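This report concerns only the one structure given below.
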Amino acid sequence: MPRDDPITEEERRANSATDLIRMRLERLQQNIDKPAPIPTKKETLRAPKAPLEFVRNVVGSSAAAGSAEFHIYSSLAFGPFILSYLYYRDWLTPVGMMTILKYAGYLTLIGYGARTFGRFFDETNARFLEVWENESNKKDDNNHAALKKYDFELLNVTPDFEARPNADLWHLQPEVTEVGAFTRGLASWAIHAFGRHLIYPGSMGVLKYMMRPNLNAARKLLVQNKNGQRVWIKTSEGDVLDAMFLRGTANLSQNLVLCFEGNAGFYEIGVMNSPAQLGYTTLGFNLPGFGESTGLPYAKNTLAAADAVMQYAIQVLGYRPENIVLFGWSIGGFPVSWLAANYPSVKAVVLDATFDDLLPLALFRMPTFFSSIVEFAVRNHMNLQIDKLLARYKGPIRLIRRLQEEILTTAVDDQPENLRRATNRINWLLKSIIRDRHPELIRNLEPQVDRWLDMSPTERLMHSGVSLREESQQRKRLFDACSHYLIDFDANHVTPLDPQFFNIPEGRDSF
């Protein structure tokens, strides 16, 4: 196996997601000032030229900060605490409320006044508004491309593609259980107040505010250095997705790798990089509420986004499902599995560091007395059962297990490594796949799968020999199936996938 390049070795030493993002952004910052190719075609756009910074955030830091604060204080999760504090301070009186409204009005006036003043005298904003107006009035087809040179909130923009609703799509029905009105109401409040933020932290206003400058810089590099094509796709739920298309080398361009990020991942610095380094043609996008994509990442919005991107790949880019590879990391395995269930003719499915079911992970991390509410909330609002979705897909599939996984396990940190590795939820997904596709192999031998998962590569090689005993032959075939469907990657959850571990699997019916 070839040695890892210095960048990969450095990223593997990251202790946390924060360290990893810091490393990658520092490299981006070092390259951001490198000169980009200068277009030779004469500018035909009537509007003024774009600013020197090809991609620039014209919204402004004050607007981003205001958006972040709005997301914090408008969240239902903070409502009871804010009201309790106001009551304790005796501010819920008419006089107290008037005082609060007065100071809130002052702050709002100062904030919007400063932003308006700054934008009024900013040349970049003036150019942006002129391009925006021309695009809104459809004065020139080139205005749409010029508008993509700016970074702004994608509200009321003209999308490049609008997906159509498809009533024939299959959805996993939520498991409705008999619970009282109080439990039902509390579960609904919990999932909307803080549950969605825990499941999809990348959609939180604070994180978006902190990441926006870095994402803008990374997006700039994709466009300038890799000839990326920025695309705006509107879903059937009305969300506008910010997507990026990278064309690969000629010998690999016949296949398209559709990339799905994790719960705090963005296409600008996400999993799309691994297949792109190998020369594959890739299409990545940000989930609703992530980056510049609009909306919120509820289950129906996430699936609508997945189908919209799939429709774009088929209808606009011209790829048949047979030439599309679905690649998902972490919670991105959910939309990937759902697409595979609805488009069973896709070329292959590759799932990196994913899980079988969200519920065991949620129950492990929440207090025991909250379990009934957690179960109802997950099953009826965020029913991410990847194993049941993949049961409807029979094509080629590859699972990538992280040996140092720390997110998708149900073991405490101080437990031995082999115990933590044994509780990786991707292990259950492997057994589910074999159980659905090869029930004769796993019958009465399911503990042998756990045994194989605990083996080192050398031990697995030793058990791959020929045996004359019928039971040993069945076990060998079972081990062959395990090796076919799952490979190990010695890294933690947030380490970028080494490109050499990205391989498009081939189908196999028997072992």
Checklist outcome for this item: Checked pairs for region 278-292, first within 12 Å of A306 (Cβ to Cβ), second in a loop (DSSP other than H, G, I, E, B) and of a type in the set (V, I, T), C-beta under 7 Å and 6 or more apart or across chains, list as P288/T294
Checklist outcome for this item: Filtering region 411-449 down to residues that are within 15 Å of Y393 (Cα to Cα) and assigned to a loop (DSSP other than H, G, I, E, B) yields H438
Next on the checklist: Step by step: first the residues of region 409-434, then only those that are free of Cβ contacts under 8 Å to residues at least 40 places away in the same chain, in contact with an Asp or Glu (Cβ under 8 Å, 6 or more places away or on another chain) and surrounded by 12 or more Cβ atoms within 10 Å (Cβ to Cβ), then the one that is nearest to L359 (Cα to Cα). Which residue is that?
Outcome noted: N424
Checklist outcome for this item: The residue that is nearest to G291 (Cα to Cα), considering only those in region 189-212 that are surrounded by fewer than 17 Cβ atoms within 10 Å (Cβ to Cβ) and modelled with pLDDT of 90 or more, is P201
Next on the checklist: Tell me yes or no: at least one residue of region 501-508 is closer than 30 Å to M272 by Cα, among the basic types (K, R) and not in a strand (DSSP E or B).
Outcome noted: yes
Checklist outcome for this item: Only one of (1) closer than 25 Å to K208 by Cβ; (2) part of a loop (DSSP other than H, G, I, E, B) does not apply to L169, and that is (1)
Item to check | Leading residue by the ranking (farthest from C259 (Cα to Cα)) among those in region 451-489 that are of a type in the set (D, E) and modelled with pLDDT under 95 | outcome: E470
Checklist entry - Within the bounds of region 320-334, is there any residue that is among the hydrophobic types (A, V, I, L, M, F, W, C), crowded, with 18+ Cβ neighbours inside 10 Å and touching a Lys or Arg at 6+ places or on another chain (Cβ under 8 Å)? => result yes
Next on the checklist: Restricting to region 372-405, give me the number of residues that are part of a strand (DSSP E or B) and either not assigned by TED's automatic domain parsing to the domain that holds I487 or not basic (K, R) (or both).
Outcome noted: 4
Checklist entry - Could you say whether any residue in region 195-205 is among the polar types (S, T, N, Q) and farther than 29 Å from W232 by Cβ? => result no
Next on the checklist: For region 113-138, which positions are among the charged types (D, E, K, R), modelled with pLDDT under 75 and surrounded by fewer than 13 Cβ atoms within 10 Å (Cβ to Cβ)?
Outcome noted: E133, K138
Next on the checklist: Between a residue in region 186-200 that is over 17 Å from N301 (Cα atoms) and any residue that is of a type in the set (F, W, Y), which pairs come within a Cβ distance under 7 Å, given they are 6 or more apart or on different chains?
Outcome noted: A187/F376
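The values are calculated or read from the model by the stated rules, or taken from the named source; none is laboratory data. Note that the coordinates shown come from a computational prediction; the quantities given were computed from them, not determined experimentally. With ideal geometry, Cβ positions are generated from the backbone for all residues, glycine too; neighbour counts draw on all protein chains shown.
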